[in-house]
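Before any comments, here is the structure.
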Amino acid sequence: MIQPRTFKGARDFLPEQMLHRERILDTMRTVFKKYGYAPVETPAIEYLDVLTGKYGEEADRLIYKLNYKTGTKDEAALHYDLTVPFSRMVAMNNDLAMPFKRYQMQPVWRADRPQPHQGRFREFYQCDVDCVGSSSMLIEAELIAITYEVLNGLDIPDFLIKINNRKILNGITQYIGLDNNFVGDVCVSIDKLDKVEWNEVAKELKDKNIHTTSIDKLHDLLTQKLNLTQLKSALAEIEIAQEGIAEIEEIFYYLQILGIPEQYFTFDIALARGLDYYTGPIFETKLPKHPHIGSLNGGGRYNGLIASFGGKDLPSVGTSLGLDRIFTAMQQLNLLSEVKTSTQVLVGNFGADTLDASLKLVKELRANGINTEFYPEATKMKKQFSYCDKKQIPFMAILGSEELAQNKITLKVMKTGLQNLIDFNELLEKLA
RNA sequence: GACAUCGUAGCUCAGUUGGUCAGAGCAUCGGAUUGUGGUUCCGAGGGUCGUGGGUUCGAGCCCCAUCGAUGUCCCCA
């Protein structure tokens, strides 16, 4: 016998989970379209070389390589995210009207160690919104507004969109006297600072052959806990940092005009993001009260990625909402009411004498837009009511011989147990 | 990839220093005088105690290995 099991880090979803997941996806889709983004889809499978070298060493190792024609030109992998395949798609389609705005909701795969409690899986859905062909910070602001609108629309409380800029991180690296090769190391250290003591971070940097004067300079800068304005004067000499800070200021200005409440977004110097392709503003959404749950959202500007496929050098920025993260968060925050069905009414089956009339009733209900189920067997009522109850269908309609004789229907409200003999029009009113 | 804990029915767990130890509750299915669920009562199915070795007269309980799960770190959605 073969032991039935799901692949590590991949999950089955039963109706009561799928109904919630679909609601989350519907919310996103509605918001994405409201902002003028259009749907696209790319294959789950890509040539391996399309994917490698874009994310960085760490992430490249997590790409799911397919054990199929390895070592040939046909080497393939499951896509690791949607940004790189999308960039490939843009590079292959030179006639897109710019700026090109798309959304894309598909599963992606990462050969990671799953941690379900933190919302971390090997197969999960990313829901990306990206805009290619504009360098305006209006797009960054728009993407942050979309993120806010989706999470707020799902009634998720106290989320925080953290915003930083790779240009600032580059500037800091430059400020402490290191060249750009060390940006990654510096980012990792800064990122750790809110969890680990400075001594440990300093030791790590030493181990990476970074000079003490640089480490001390970094320490001085970070321990001051500067806000954006203070950072601006501290890094007055560093041109790239000034550029980055100005961009963040511009984004904040737009967010204010767009009416995004201030408590939902913040500048965070410690935000680094691991993927290599980011070049400008970056963002990530966390639940500060539930730090163990991984980020619900992440994104940033990645000018240059499309050019790496030989296409035009198009400026691009995008953000990704994690369906599984949001779903996990909502589960743990008890935001998911118990829903087992989308059926509104169950029509009982009372056998041959009333079958035609019942089926016609079912047809009419559906024609009026009411989600209707018809019990397939003419079993005892107890069983049919029990089914209705277990599936939490709110109403049961009964059309037996007694009702048929009077040309009426009995409607039972399952929650209260009350029932009435009514005609079809009244039935429609009650179910509407 | 590093470290820690844990693996008994679909789920939550009992199982005492190795000797009826294969159990309970919930869930599922069926029944309690023929058109009424969610309460109650009765009954049934379901586990070679993760897997493979070893110690022993005898192991769910001890030892080794292996696989899997969970948590923390790293990184991410």
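Taken together, A:Leu321, A:Leu228 contain a single residue that is within 16 Å of RNA strand B (Cβ to nearest atom) and open to solvent by less than 50 Å² (accessible area, probe 1.4 Å), which is A:Leu321.
This table checks each residue for (1) without any contact (Cβ under 8 Å) to a residue 24 or more places away in the chain; (2) within 16 Å of the chain's Cα centre (by Cα).
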site: A:Thr6; (1), (2): yes, no
site: A:Met18; (1), (2): yes, yes
site: A:Val31; (1), (2): no, yes
site: A:Ile45; (1), (2): no, no
site: A:Leu48; (1), (2): no, no
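Residue count for segment A:227-271 satisfying the condition of being farther than 14 Å from A:Ile163 by Cβ, out of contact with any helix residue (DSSP H, G or I) (no Cβ under 6 Å at 6 or more places or on another chain) and either of a type in the set (Asp, Glu) or part of a loop (DSSP other than H, G, I, E, B) (or both): 5. Consider segment A:9-41 and keep the residues that are part of a loop (DSSP other than H, G, I, E, B) and more than 26 Å from A:Lys340 (Cα to Cα). The one that is least open to solvent (accessible area, probe 1.4 Å) is A:Tyr37.
For beta carbons closer than 8 Å, sequence separation of 6+ or different chains, a first residue in segment A:415-432 that is of a type in the set (Phe, Trp, Tyr) and a second that is in a strand (DSSP E or B), the qualifying pairs are A:Phe424/A:Ile409. Only one of the listed residues (A:Gly184, A:Gly177) is part of a loop (DSSP other than H, G, I, E, B) and either touching a residue at least 40 places away in the same chain (Cβ under 8 Å) or surrounded by 12 or more Cβ atoms within 10 Å (Cβ to Cβ) (or both). That residue is A:Gly177. When the test is whether a residue is under 26 Å from A:Cys187 (Cβ atoms), within 15 Å of RNA strand B (Cβ to nearest atom), in the same structural domain as A:Lys312 (by TED's automatic domain parsing) and open to solvent by less than 30 Å² (accessible area, probe 1.4 Å), A:Tyr103 does not pass it.
Number of residues in segment A:194-223 that are open to solvent by 70 Å² or more (accessible area, probe 1.4 Å) and within 34 Å of the chain's Cα centre (by Cα): the value is 5. Taking segment A:50-95 as the range and being small (Gly, Ala, Ser), assigned to a loop (DSSP other than H, G, I, E, B) and without any contact (Cβ under 8 Å) to a residue 60 or more places away in the chain as the test, the residues that pass are A:Gly53, A:Gly71.
Name every residue in segment A:401-414 that is over 16 Å from A:Glu373 (Cα atoms), within 6 Å of RNA strand B (Cβ to nearest atom) and not charged (D, E, K, R), in order of residue number. It would help to see each step written out before you state the result.
Here is the first cut: in segment A:401-414, the ones over 16 Å from A:Glu373 (Cα atoms) are A:401-408.
So of that shortlist, the ones also within 6 Å of RNA strand B (Cβ to nearest atom) come out as A:401-403.
Correct list: A:Ser401 only.
Quick one: which of A:Gly318, A:Gly311, A:Gly274, A:Gly298 is touching a helix residue (DSSP H, G or I) at 6+ places or on another chain (Cβ under 9 Å) and not assigned by TED's automatic domain parsing to the domain that holds A:Lys54? Even if it seems obvious, please write down each step before you answer.
Numbers: A:Gly318 fails: not assigned by TED's automatic domain parsing to the domain that holds A:Lys54; A:Gly311 fails: not assigned by TED's automatic domain parsing to the domain that holds A:Lys54; A:Gly298 fails: touching a helix residue (DSSP H, G or I) at 6+ places or on another chain (Cβ under 9 Å).
Going through A:Gly318, A:Gly311, A:Gly274, A:Gly298 in turn, just one is touching a helix residue (DSSP H, G or I) at 6+ places or on another chain (Cβ under 9 Å) and not assigned by TED's automatic domain parsing to the domain that holds A:Lys54: A:Gly274.
Applying the criterion of being touching a strand residue (DSSP E or B) at 6+ places or on another chain (Cβ under 6 Å) and of a type outside the set (D, E, K, R) to the residues of segment A:115-130, the residue that is nearest to RNA strand B (Cβ to nearest atom) is A:Gln126.
The values are calculated or read from the model by the stated rules, or taken from the named source; none is laboratory data. Keep in mind that what you see is a predicted model, and the values were worked out from it rather than measured. Glycine gets a Cβ as well: all are built from the backbone with ideal geometry, and neighbour counts include every protein chain shown. Accessible surface is based on the protein model in full, side chains and every heavy atom, while ligands, DNA and RNA are left aside. Shrake-Rupley method; radii C 1.70, N 1.55, O 1.52, S 1.80 Å.
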